[in-house]
Amino acid sequence: MEIMECEFSTFTEENLENSPTFQKLSILSRVNPVNTSNQAEIDSALASSLVVLVEALDNKTIRFDHKSDEGAFFRLMLTAHSIVSQPRPTSLTQH
């Protein structure tokens, strides 16, 4: 599968500030925050979200009108998958 490049140049800071989706994410981040200092909590939040998205894609309940939207969505999922599945040392001390 080829991941398409996405155009961000037409989406301005003002668009972001006025975006209903971004506003909803902002509210949700305050109502149900993820402790970004806790890697296990980050991994758990990303993994549970990723499972729901994979299931929705497999069941074809998420559809895309544009390849660039699909590409952006898959890049987001790939980022989440990479964070969750990357091996981490058990100690912060480097040997």
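General remarks:
- Test for ILE62: is it part of a loop (DSSP other than H, G, I, E, B) and either of a type in the set (A, V, I, L, M) or surrounded by 13 or more Cβ atoms within 10 Å (Cβ to Cβ) (or both): yes
- Residue that is within 21 Å of THR10 (Cα to Cα) and touching a Leu at 6+ places or on another chain (Cβ under 8 Å), where the choices are PHE22, PHE74, PHE64: PHE22
- Criterion violated by ASP58 - all others in (1) at pLDDT 90 or above; (2) under 17 Å from the mean Cα position of the chain (by Cα); (3) of a type outside the set (Ser, Thr, Tyr) satisfied: (2)
- Failed item, numbered, when GLU41 is tested on (1) outside any loop (DSSP other than H, G, I, E, B); (2) under 22 Å from PHE74 (Cβ atoms); (3) not aromatic (Phe, Trp, Tyr): (2)
- Of residues in the range 18-32 being loosely packed, with under 10 Cβ neighbours inside 10 Å and not aliphatic (A, V, I, L, M), the one nearest to SER49 (Cα to Cα): ASN32
The values are calculated or read from the model by the stated rules, or taken from the named source; none is laboratory data. Source: prediction; values computed, not measured. All Cβ positions, glycine included, derive from the backbone under ideal geometry; neighbour counts span all protein chains shown.
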